[in-house]
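S.K.: Have a look at this one before I ask anything.
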Amino acid sequence: MSTDRQKEIIASAYRHLSEFLPGFVVRKQQQQMVQRVSGVLSAEGRGLIEAPTGTGKSIGYLIPGIVTAVEQDKVLVVSTATASLQDQLASKDIPLAIKALAGAGIQGIQWAVAKGRERHLCPVKLEALTSTTDLFNQGDKPLHDKIGDLWESGSWDGVRDTLPMRIDRQAWSQVANTSASCVGEGCPSYEGCPYYEAIGKAKKARVIITNHDYLLANFANVDKSYLCDSERNIFVFDEAHHLSDKILSAFASSLDLSTNYREELKRLGKMQGDRSGASIDIASERMLAMWNAAAQSTLAMLGDGTQHRFTLGEAPGSYIELLGDLKGSIRNLLDVLEDTTAAQNAQAKASGARRSAMSVIFQSRVGQMRGDLENAIETLDDFIEPSDDRARWLAKGRSSIEIRSSPFDSGDKARMHLWPRIKTCVLTSATLSTLGSFDATRAQLGLPQDTSDLRLGSPLDYSRARLVVPTLAAEAGTKPYGSMVRAYIRDQAINSKELGTLVYFTSKAQMLDVYGSLTADERGLVLMQGEWQPSAMIEEHKRRVDAGQRSVLFGMDSLSEGVDLPGEYCTRVFVTRLPFPSPNDPVLATHAEHLERKGLHAFNLLMLPKAGLKLAQVCGRLIRKDGDYGDVVCLDSRLVSKTYGRRLVASTSFTSVSRH
């Protein structure tokens with residue numbers, strides 16, 4: 001339990017918050033959260049806390065979390081799911097909490113932001129791109145020259161997120177730091193490297209702000225990481241409802257067989273000289289031939305489709321054999337690259353000459369190629385090795401041919417890789433329980449049933465808000481459903497007097513169908529996902545409403561959470577269909593097959609909890625602050641006609657459903 005001293009410091013810090021936030025009042029729900037966070041962390045336990053919008057959960061865990069870290073001489077690691085919350089914590093919430101704690105007598109709190117290695121510039125790669133144009137494939141050289149000028153002038157810190165210009169993924173990948181291309185302390189740019197400077201700062205910090213992807217990548221792939229030190233760190237997972245999916249992603253793998261390594265391998269062969277270069281060329285041709293054979297076989301199985309999932313994750317033996325041959329040819333090429341690189345290093349060491357910048361650049365490029373090929377082997381291993389806990393499927397895009405695999409039981413992975421190394425943590429979110437309980441969340445996160453939980457009530461007033469199912473609503477999937485949705489959206493959303501409206505769709509096809517049924521004038525009122533960048537779409541929506549104009553947002557999952565539209569910006573939310581996950585999701589479908597084979601009910605264990613969580617998130621777009629009002633209108637009658645409807649409603653902040 002938290003000590004009396006901790007309680008006194010926390011209470012004092014909250015009194016000082018009013019100095020920096022005029023009119024600040026601690027809500028009852030926030031007080032409850034503070035007490036629970038302090039208790040769980042002090043007792044070195046684990047706890048789930050659902051803190052609805054308006055609770056002030058960031059401050060609700062930061063102040064007790066930092067106090068506990070200071071008192072126990074630990075480090076508080078806060079992990080978020082989205083970059084926007086990570087940036088909010090860094091720019092607003094952390095500085096505010098530190099000011100309040102300084103007033104309570106806790107001084108000198110150092111904090112840092114920890115982002116993935118690939119978010120940081122590699123100065124050596126940038127040098128290669130801006131100064132060795134004849135040796136390496138340059139891509140967009142003018143853009144990289146501008147980045148080089150910013151870096152050389154000291155006006156940019158080398159982190160992609162702070163780059164004052166747009167850069168696409170491909171262009172950034174050419175200058176990004178990666179573990180495969182990095183030579184560490186042997187690099188002439190090691191001193192001043194953005195990535196290693198960030199790590200150095202984080203290792204001295206009392207508070208570290210990171211994200212689920214980067215943290216889980218450390219747990220999955222790094223044996224010893226300052227982020228994974230269970231004796232040193234205590235953890236808070238914010239936006240924890242994303243954590244189960246992030247766990248699956250951390251242990252998933254994919255290989256794009258449309259990738260063409262031919263030119264890069266030829267370039268490396270030429271750089272190695274006659275004998276070593278010939279060895280690389282021979283091994284490369286063998287590997288590329290097998291690579292092409294695997295790509296053609298994959299395309300044949302895909303046929304005219306874009307996805308092919310293997311039932312129960314079991315791929316045909318002949319295909320597995322082909323991938324095994326590909327793996328062998330890649331391994332042979334890696335051995336050749338290893339031998340030639342070792343010979344070059346030995347020669348440099350024997351001569352006593354310091355490695356030149358050009359030599360380091362070359363080593364970096366070889367390292368990147370080896371890293372790509374080693375990742376390919378890992379993917380092939382995941383796909384080939386017999387296992388009944390993975391989904392396996394093939395996918396085809398506009399310019400990609402992929403083999404993919406993923407575990408489907410996030411709870412099992414968490415029990416194996418997370419909880420043995422995370423002794424003390426709080427997991428929190430505005431939507432963490434589903435169907436009225438935390439049972440599904442515990443199962444998805446592999447937490448024991450006795451893990452403490454707290455579901456806070458909403459601090460916002462829902463007396464002027466309703467969850468409505470129109471009497472004319474039809475059941476999704478029935479014949480009248482499509483025409484009913486088109487007519488109702490036109491009449492009650494497009495031609496409504498409400499200024500700000502959000503229409504949530506579960507599929508792009510339905511969204512385009514409804515949009516296509518509108519007149520040109522009606523379409524002029526709509527801002528549709530896909531035609532706008534998300535941030536620009538929200539900005540334009542607010543501009544229209546501020547000008548007294550009607551504006552209707554059409555969107556899917558990106559509008560279901562993380563979008564703040566208080567007051568007149570959103571007084572009606574339309575849910576066109578209950579948000580059950582797609583049955584075509586290969587991970588979910590394989591998981592369902594395995595459950596059904598065990599005699600378990602996949603709908604109740606998988607589909608229903610996910611639908612409840614998503615419905616809660618969509619409903620949460622309506623009431624964002626005190627004084628908000630309006631309706632959430634569900635156009636799928638299953639919410640009232642099916643027995644599971646009540647369980648779905650229990651996931652939301654509403655207590656009942658109205659009919660009209």
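S.K.: For the pair ASP546 and GLU118, how long in nm is the line joining their label points, each one 7 Å along Cα→Cβ?
M.R.: Result: 3.6 nm between the two label points.
S.K.: I'd like the orientation of helix 317-351 relative to the chain: the angle between its Cα long axis and the longest Cα principal axis, in ° from 0 to 90, rounded to 10.
M.R.: So the helix axis and the longest Cα principal axis differ by about 60 degrees.
S.K.: So how tilted is helix 586-597 from the main axis of the chain? Cα-based, degrees 0 to 90, rounded to 10.
M.R.: Roughly 70 degrees between the two axes.
S.K.: To continue, here is another question. Using 0.36 nm per residue of separation minus the Cα-Cα distance, give me the extension gain between VAL26 and ASP513 in nm, one decimal.
M.R.: 170.7 nm
S.K.: Then there is this: I'd like the projected area of region 464-551, averaged over all directions, using the convex hull of its alpha carbons. Report it in nm² with one decimal. Don't jump to the answer; show the numbers that get you there.
M.R.: Details: hull surface 26.8 nm².
Taking the Cα atoms of region 464-551, their convex hull projects to 6.7 nm² on average.
S.K.: Further question on the same structure: At what distance in angstrom do the alpha carbon centres of region 562-600 and region 171-232 lie from each other?
M.R.: 34 Å
S.K.: I would also like to ask the following. Say each of ASN584 and GLN110 gets a label point 7 Å from the Cα, pointing the same way as Cα to Cβ; how far apart are those two points in nm?
M.R.: About 5.2 nm, to one decimal.
S.K.: Give the separation of the Cα centroids, region 392-414 to region 480-551, in Å.
M.R.: Comparing the Cα centres of region 392-414 and region 480-551, I get a distance of 33 Å.
S.K.: Separate question: Applying a 10 Å radius around every beta-carbon, put 532-542, 376-386 in order of their mean neighbour count, most first.
M.R.: 376-386, 532-542
S.K.: Still on this structure: Can you tell me the length gained on complete extension of the stretch MET165 to LEU288, counting 0.36 nm per residue apart and subtracting the Cα distance?
M.R.: 40.6 nm
S.K.: Express the relative contact order of the chain as a whole percentage, based on alpha carbon pairs under 8 Å and six or more residues apart in sequence.
M.R.: Details: 1060 pairs, mean separation 113.2, N = 660.
Relative contact order here is 17 percent.
S.K.: According to the Cα gyration tensor, what semi-axes, each the square root of 5 times an eigenvalue, does the equivalent ellipsoid of region 553-638 have, listed from largest to smallest in whole Å?
M.R.: 32, 12, 11
S.K.: What residues from region 437-472 fall in the zone where the backbone N is under 12 Å from a label point 7 Å along the Cα-to-C-beta line of HIS660?
M.R.: Answer for this model: 465-471.
S.K.: Ranked from highest to lowest mean number of other Cβ atoms within 10 Å per residue, what is the order of the peptides 147-160, 414-427, 293-306?
M.R.: Taking the mean over residues of other Cβ atoms within 10 Å, the ranking is 414-427, 147-160, 293-306.
S.K.: Report the semi-axes of the equivalent ellipsoid for region 370-497 in whole Å, largest first, where each axis is √(5λ) for an eigenvalue λ of the Cα gyration tensor.
M.R.: The answer is 40, 29, 14 Å, longest axis first.
S.K.: Enumerate the whole-percent occupancy of each 10 Å bin, from 0 to the last occupied one, for all C-alpha pair distances of region 619-660.
M.R.: 24, 55, 19, 2
S.K.: Sticking with this one: At a threshold of 8 angstrom on Cα-Cα distance, excluding pairs fewer than six apart, so keeping six or more, what relative contact order does region 528-660 reach in percent?
M.R.: Taking the mean separation of contacting Cα pairs over the length of region 528-660, I get 28 percent.
S.K.: Taking the radius of gyration and the Kirkwood hydrodynamic radius from Cα positions alone, what is the Rg/Rh ratio for region 1-105, to two decimal places?
M.R.: 0.93
S.K.: At R0 = 25 Å, how high is the FRET efficiency between LYS266 and ASP149 if r is their beta carbon distance? Nearest 0.05 is fine.
M.R.: Efficiency, rounded to the nearest 0.05: 0.20.
S.K.: Further question: So, by mean Cβ neighbours within 10 angstrom, what's the order for 51-61, 507-517 with the highest one leading?
M.R.: 51-61, 507-517
S.K.: Using all alpha carbons of the chain, what is the percent of pairwise distances in each 10 Å bin, ordered from the shortest bin to the longest?
M.R.: Each 10 Å bin holds this share of Cα pairs: 3, 13, 21, 24, 22, 12, 4, 1, 0.
S.K.: Just subtract the alpha-carbon distance of LYS642 and ARG415 from 0.36 nm times their residue separation and send over the number in nm, one decimal. Numbers along the way, then the final one.
M.R.: On the way: separation 227, 0.36 × 227 = 81.72 nm, distance 3.49 nm.
Extra length from LYS642 to ARG415 when fully extended: 78.2 nm.
S.K.: Still on this structure: Hey, what number do you get for the chain at 222 nm if only DSSP H runs of n ≥ 4 count, each worth -39500 (n - 2.57), divided across all residues, to the nearest 500?
M.R.: Mean residue ellipticity, 222 nm, calculated: -14500 deg cm²/dmol.
S.K.: Let me ask you something else. Between region 292-309 and region 632-652, what is the separation of their alpha carbon centroids in Å?
M.R.: That distance is 40 Å.
S.K.: Please say if region 516-563 is rounded, prolate or oblate, where rounded means a/c under 1.5 for a ≥ b ≥ c the square roots of the C-alpha gyration tensor eigenvalues, and otherwise the choice is prolate for a/b larger than b/c and oblate otherwise?
M.R.: Details: a/c = 2.09, a/b = 1.16, b/c = 1.80.
Taking the square roots of the gyration eigenvalues as a ≥ b ≥ c, region 516-563 is oblate.
S.K.: Here is a further query. Contact order normalised by length for region 401-553, with contacts defined as Cα pairs under 8 Å and 6 or more residues apart; what percent is it? Walk me through the numbers on the way to the answer.
M.R.: On the way: 93 pairs, mean separation 26.7, N = 153.
Taking the mean separation of contacting Cα pairs over the length of region 401-553, I get 17 percent.
S.K.: Kindly state, to the nearest 0.05, the FRET efficiency for ASP339 paired with ASP557, given R0 = 60 Å and r defined as their beta-carbon distance.
M.R.: Working: r = 48 Å, r/R0 = 0.80.
After rounding, the FRET efficiency stands at 0.80.
S.K.: Between ALA650 and GLU385, how high is the FRET efficiency from 1/(1 + (r/R0)^6) when r is the Cβ-Cβ distance and R₀ = 41 Å? Nearest 0.05.
M.R.: Computed FRET efficiency for ALA650 and GLU385 comes out at 0.50.
S.K.: Okay, next question. As I understand it, the value is the acute angle between the Cα axis of helix 357-384 and the longest principal axis of the Cα atoms of the chain; what does it come to in degrees, rounded to 10?
M.R.: The angle comes out at about 60 degrees.
Taken together, the values in this text are just the output of simple stated rules run on the coordinates, not laboratory data. Here the structure is a predicted model, which is why all the values come from computation and not from measurement. Methodologically, a virtual Cβ is constructed for each residue, glycine included, from the backbone with ideal geometry; neighbour enumeration extends over all protein chains shown.
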